[in-house]
1. Just to be sure I understand the model, the point goes 7 Å from the Cα along the line to the Cβ. What's the resulting GLU42 to ARG84 distance in nm?
2. Tell me, what HN-Hα J-couplings in whole Hz come from the Karplus equation 6.51 cos²θ - 1.76 cosθ + 1.60 at θ = phi - 60° for each residue of the range 123-132, using x for Gly and Pro?
3. So who's got an amide H within less than 5 Å of the one on THR111, skipping anything under 5 residues away but keeping other chains? H placed 1.01 Å off N, in plane.
4. If I model a spin label at LEU28 and ALA56 as a point 7 Å from the Cα along the Cα→Cβ vector, what separation in nanometres do I get?
5. For ALA61, list long-range residues whose amide hydrogen, built 1.01 Å from N in the peptide plane, is under 5 Å from its own amide hydrogen.
6. May I ask for the net charge around ALA83, where only other residues with Cβ less than 10 Å from the Cβ of ALA83 are counted and Lys, Arg are +1 while Asp, Glu are -1?
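No lab work stands behind these numbers, since they all come straight from the coordinates. Worth saying up front: this structure is predicted, and the values here are computed from it rather than measured. Here the Cβ is made from the backbone with ideal geometry for all residues, glycine too, and neighbour counts use every protein chain on show.
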Amino acid sequence: MCSNDSPSVKPDGTTDAAELAAEYEEFLLDIEEQPLPGYRTEEIRVRVEEVRATLATEGVASAGQLQQLLRTVTEALADVRAARVVPVPESRDLSAAVPGANDTGAAYEITETEQAKATNVLINLLFTVVETPTHEDRRRREEPAARDKETRDGDDADSEGGTDFGMTGYAGPE
């Protein structure tokens with residue numbers, strides 16, 4: 001998925017919570033396939049699940065949840081970029097994405113292809129986090145709508161013989 005082609009953003013700039021929740025579900029699967037250290041994969045999984053659950057129940061996520069997810073993904077991205085890039089090792093099963101071992105002190109090593117793919121997935125996840133609406137976003141959208149409704153309601157009163165501000169029959173300067 002290209003970050004510019006995110007299906008969750010509609011042409012008017014709104015974001016559908018159900019589509020975002022589905023995107024986060026896809027990211028859970030994508031993250032599991034990446035050569036990230038186990039603790040990073042688990043931390044991202046927990047943070048994504050929190051955001052996804054909140055989107056499902058409230059339609060928006062809290063700013064705190066998004067900040068934590070953003071921090072976690074950014075740290076994982078830094079790990080991937082700092083990893084030692086090696087040629088494809090014959091001794092490692094590339095389908096088991098557990099590079100390096102904490103207990104043996106082995107370095108975090110990934111192939112160039114693994115690094116590029118993991119970087120792409122993490123960057124796309126960052127874009128999705130930024131697109132995710134918060135309670136504050138909802139308030140910003142609702143306030144102008146409420147003001148517009150009040151304005152329309154006031155216009156209706158004028159057209160029904162309400163307040164005319166002393167301007168009835170005024171044709172302008174003579």
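1. Each label point is offset 7 Å from its Cα along the Cβ direction, giving 2.4 nm.
2. Rounded to whole hertz, the list is 5, 4, 5, 4, 4, 5, 4, 5, 6, 6.
3. VAL86
4. 0.7 nm
5. Placed amide hydrogens put THR134, HIS135 under 5 Å from ALA61.
6. So the surrounding residues net to -1.
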